[in-house]
């Protein structure tokens, strides 16, 4: 097992062991960092690219894709897209199993961009390749990505099925980060499905996710709290939902696209009280953020603007619950 130094930038000059072993350790360290510090995860990914350049085009393609995936986590969507395209071109037909991983990460970007037809095709191909050429872990990751796409498409029951299948392929002890992510997303999909008979499963999934986290994963635990706030909203406890979501907004330190999603959820909670002035204020902040994020589908942004205009006119024609179903989903983990 490779013991990496704390500073990613010192890796290249301080270790003398096979580059493949270093690369595996770098990815593990980056995955752990991604839960609470996406910026640090990207620094580790940058280091991984430098290591991969010493090995082969296949390893470099994988690390370029992981670097691009890490860029999504910090809101650098345009750079991420260029990174994925470079990785696919470099990989070519050399390794179907590696291509499966590249495509499922690329599908995640397309889902964030709300380019859902492309996201679905990429995720579908990733599932097919992982089933035929990959490991059980790769299949679980691909199924989780398909769940994310189904979720973004508004197919919440199918998303729940995909996340449940994914969990069966993942080993908590081997991949606690991936296990946390899928538990988080299973909880979010179950909330979104709006079937009160299944809400007990949300609390169970959230508890599993909490157990998979390191003790000091503040951002990841806040993400679970976000889903809990939405569950209270579904249960009709609107004041509790507003209390949780507004506190998260005040303390939020993540990427702009996640803050925008959180603000839309808070707007929905304010609408249910009802507090139309606070609803509009939250949507205004969300709209401003989405307009500043490179690569987001303009139709998605236009839907939020249309909702806001309707609320301002007090026509009653635009209900944030309905518009929210179209333009965004509850927060999914990366």
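Quick notes
- Rounded tilt (10° steps) of 176-192 against the dominant C-alpha axis of the chain: 20 degrees
- Among 29-39, 135-145, 167-177, the order from most to least packed when residues are scored by Cβ within 10 Å on average: 135-145, 29-39, 167-177
- 203, 106, 300, 179 arranged by Cβ crowding within 10 Å, fewest neighbours leading: 203, 300, 179, 106
- Spacing of the modelled spin labels on residue 312 and residue 56, each 7 Å from Cα toward Cβ, amounts to 5.7 nm.
- Whether region 145-232 is rounded, prolate or oblate, judged on the alpha carbon gyration tensor where a/c under 1.5 counts as rounded: oblate
- Angle between the chain longest axis and helix 38-52 axis [Cα atoms, degrees, rounded to 10]: 20 degrees
- Cα point-scatterer Debye curve for the chain, base-10 log of I(q)/I(0) at q = 0.15 Å⁻¹: -1.26
- Considering only alpha-carbon pairs that sit under 8 angstrom and 6 or more positions apart, the relative contact order computed for region 115-158 is 44 percent.
- Residue order for 28, 313, fewest other beta carbons within 10 angstrom first, comes to 313, 28.
- Paramagnetic reach from residue 292 (point 7 Å along Cα→Cβ, amide N under 14 Å) across region 35-65: none
- Only Cα pairs under 8 Å and 6+ residues apart enter the sum, and on that basis the relative contact order of the chain stands at 13 percent.
- Between helix 136-152 and the chain there is an angle of about 30 degrees, using the helix long axis and the longest principal axis of the Cα atoms.
- Helical contribution to [θ] at 222 nm, DSSP H n ≥ 4, -39,500 (n - 2.57), averaged over the chain, rounded to 500: -24500 deg cm²/dmol
- Among 192, 268, 225, the largest mean-square fluctuation in a Gaussian network model of the chain, built with springs joining Cα atoms closer than 10 Å, belongs to 225.
A short reminder: the numbers here are calculations on the coordinates, not readings from a lab. Treat the numbers as computed from the prediction; the structure is a model and nothing was measured. Positions of Cβ are generated from backbone atoms using ideal geometry, with glycine treated the same way; all protein chains shown enter the neighbour counts.
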